[in-house]
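Accompanying notes for the structure given below.
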2 protein chains.
Amino acid sequence: MTITTAIVGYGNLGRSAETLIKAQPDLELFGIFSRRSELDTDTPVYPVDSINDYADQIDVLYLCLGSATDIPEQAPDFAKHFTTVDTYDNHKQLPHHYATMNAVAGEAGNVAIIATGWDPGLFSLNRVLGAAVFPEPQQNTFWGRGLSQGHSNAIRGVEGVKYGVQYTIPREDAIAAAKAGNGADIDGKDAHLRQCWIVADEADHDRITDTIVNMPDYFVGYQTEVHFISEEEFLRDHQGLPHGGRVITSGTLGKTKSTVEFALDLESNPDFTAAVLVAYGRAAARLKAEGKTGAFTVLEVPPYLLSTKSLEDLIAQDL
Amino acid sequence: MTITTAIVGYGNLGRSAETLIKAQPDLELFGIFSRRSELDTDTPVYPVDSINDYADQIDVLYLCLGSATDIPEQAPDFAKHFTTVDTYDNHKQLPHHYATMNAVAGEAGNVAIIATGWDPGLFSLNRVLGAAVFPEPQQNTFWGRGLSQGHSNAIRGVEGVKYGVQYTIPREDAIAAAKAGNGADIDGKDAHLRQCWIVADEADHDRITDTIVNMPDYFVGYQTEVHFISEEEFLRDHQGLPHGGRVITSGTLGKTKSTVEFALDLESNPDFTAAVLVAYGRAAARLKAEGKTGAFTVLEVPPYLLSTKSLEDLIAQDL
């Protein structure tokens, strides 16, 4: 079956979703709904205010909106008229978002898959799978190597910094400890180092380094590296939005130990987040076609529903 | 809810399952069904011929039987009377096993979760999830570091070998190529090296090495390492059944690349296989309680059903 999809929101996530939907054989992109009328795209663009006029023509609506305010404010209204998928990532508010979307989508007869992407999303799935296998699981989640927007902004605020980025990187010793089942005492500061790449005049290097490593909240207590590079190198190597991480679960099974690891290495955080979102859109359309309604997390979706292949082909080829 | 379980079969897998069921808070072990009346265990033992007398008292039956002949011959009969879980691992016969179990369990009103464990099992799940995210996935599965029974038997057949084991180990260069998205041309011989640990008289070392590396089918064409060690070291370090491996999926998303990796490092293959089996037993009991019937693969089971926690707790704590 061909699934007709649409996107609401056209930031990094929406642009990635647009490209990836078009690359999938069973997904069709009806259009992009936006508050802006002029978007740099060949896809048809419609005003978001008119979206309900098209409800009959769209199987799945991808909510490519920010988690800070847009999703909490707007997602329930979209779920009244559409089967939706989102990448809401405010962990503490997830029970509330689930309850809201479940009520609205359930009443409207729609499906709403929430909190796809990778954390929450594929990492959540692996936290639950990993922990389910062990009687007493030891589980650690590491993030990075990843660009941190907040820390990059902080170092760009230091006087004399022309360009600057900060990557959060899991420490090898912490990863090794987690794999060996000794991750119980690892906290965030032990687990990650902060790596800064900066363009600045040589005369300012010492002062900038000193300012950064002593910056409270952001860097104090962390292992922090400050590297100065040329503008040319910066513009060549540090323009992307890389991210990733790993979920490590370890434990004893009878008399032996085992370790389960799920790791992501992403050149672009929004591209991968969108790729997971797009795949869960396929699952949302199938759940709706089966007559299911209400909110679903990635924990409730049977994994074969993400695939372009039939269950029969998956059992024959991939099991 | 407490789930009452039983085990049929008492080899390595059955013994591991016994220990792990007893370590789970929501699982109770009713007994072990065996053709042998004398087992070295505190668990009640019943003759397998009498198993149907206990059908009303058992929620889930763990089929800890071999895939070569026992599962194909016996599993359908068990599924007539019990909700079952198995670790059937004959990839080519999986569609046939699925169809058989689906028919029998469906007619009897039972659930049969087939092919749990890790390959098939958790690896299958990660092959499907990984591939679903990318428009053109490049996917490689590596096995090991793992003890190979067949190759260990082959080297123990060489004259002069007192003790010997063979581990299959994924090659670092092949793993790196797969992570970089260049795994298309990797075949089994490129991807793995074979490491032998042997106890033998020093006078025989050269001849044994020569015989092994030139053994057709088993070693010719593989990178093979032969290490001679003392009997003491052998008995201390090479008595286990380690295994593991990884599923690596890589691909392009728009203009960027991403890599997804799922890796297992297992001190004991049967202990971990049993741990996955036991968790899917919980899911089988829940599916049956929901009124579901027929055969299920790991691809069809909503992941939260594996957990001891409620969905509500998982959404609040693990998502």
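The values are calculated or read from the model by the stated rules, or taken from the named source; none is laboratory data. Nothing here was measured: the structure is a model prediction, and the numbers come from that model. Glycine gets a Cβ as well: all are built from the backbone with ideal geometry, and neighbour counts include every protein chain shown. The accessibility values were calculated without ligands, DNA or RNA, using every heavy atom of the protein model including side chains. Shrake-Rupley method; radii C 1.70, N 1.55, O 1.52, S 1.80 Å.
Extending each Cα 7 Å along its Cβ direction at A:Arg207 and A:Ala108, get the distance between those two points in nm, one decimal.
Modelled inter-label distance: 5.6 nm.
Using modelled amide H (1.01 Å from N, peptide plane; none on Pro or chain starts), what sits under 5 Å from the amide H of B:Tyr46, excluding residues fewer than 5 places away?
Amide H to amide H, under 5 Å and 5 or more residues apart or across chains, B:Tyr46 pairs with B:Ile32, B:Phe33, B:Ser34.
Within 10 Å of each Cβ in A:261-272, how many Cβ atoms from other chains are there, averaged over the peptide?
Mean shielding by partner chains, rounded to a whole number: 6.
Under the convention of a label 7 Å out along Cα→Cβ, give the distances in nm from A:Thr69 to the same position in every other copy, shortest first.
Label-point separations across copies, in nm and ascending: 7.2.
Given a cut-off of under 8 Å on Cα pairs at least six residues apart, what relative contact order in percent is computed for chain A?
For chain A, the relative contact order is 21 percent.
Note the direction-averaged projected area, equal to a quarter of the hull surface, for the Cα convex hull of the protein assembly as shown, in nm².
Projected over every direction and averaged, the Cα hull of the protein assembly as shown covers 32.6 nm².
The range A:206-231 to the range A:1-65: how many Å between their Cα centroids?
42
Kindly compute the accessible surface that chains B and A hide from a 1.4 Å probe when together, both sides summed, and give it to the nearest 100 Å².
Using a 1.4 Å probe on protein heavy atoms, the buried area is about 5000 Å².
How many Cβ atoms of partner chains, on average, are near each residue of B:13-24 if near means within 10 Å of its Cβ?
2
Kindly give the semi-axes, whole Å and largest first, of the ellipsoid equivalent to the range B:125-266, taking each as the square root of 5 times a Cα gyration tensor eigenvalue.
36, 15, 10
Looking at the range B:177-299, how many pairs of lysines come closer than 27 Å at the Cα, when each pair is eight or more places apart or spans two chains?
So the count of such lysine pairs works out to 4.
Quick one: with label points 7 Å out along Cα→Cβ, list the inter-copy distances for A:Ala180 in nm, shortest first?
In nanometres, ordered from closest: 3.0.
Just check the range B:222-319 against the gyration tensor rule for me: Cα atoms, a ≥ b ≥ c as the square roots of the eigenvalues, rounded for a/c under 1.5, and otherwise prolate or oblate depending on whether a/b exceeds b/c.
oblate
Between the label point of B:Asp53 and that of the same position in each other copy, find the distances and list them shortest first in nm, with every label point placed 7 Å from Cα along the Cα-to-C-beta direction.
7.5
If contacts are Cα pairs under 8 angstrom and at least 6 residues apart, what is the relative contact order of the range A:107-166 in percent?
18
Please give the net charge around B:Cys64, taking every other residue with its beta carbon less than 11 angstrom from that of B:Cys64, where Lys and Arg add +1 and Asp and Glu add -1.
-2
For the range B:96-208, which whole-number percentage of the solvent-accessible area (1.4 Å probe, protein heavy atoms only) is attributable to carbon and sulfur atoms?
Percent of accessible area from carbon and sulfur atoms in the range B:96-208: 46.
Which of the lysines could a cross-linker bridge to A:Lys92, judged by Cα under 20 Å and excluding same-chain residues fewer than eight apart?
Candidates past the 8-residue exclusion: B:Lys309.
Ignore the peptide's own chain and count Cβ atoms of other chains within 10 Å of each Cβ in A:290-299; give me the average, rounded.
3
Tell me which DSSP H helices of chain B clear both cut-offs, 18 Å or more of axial length from alpha-carbon atoms and a mean Kyte-Doolittle hydropathy of at least -1.0.
Long hydrophobic helices here: B:94-108, B:269-289.
Once you have the alpha carbon radius of gyration of chain A, what is it after dividing by 2.2 N^0.38 Å, with N set to its residue count?
The value comes to 1.12.
If I model a spin label at B:Glu233 and B:Ser310 as a point 7 Å from the Cα along the Cα→Cβ vector, what separation in nanometres do I get?
5.6
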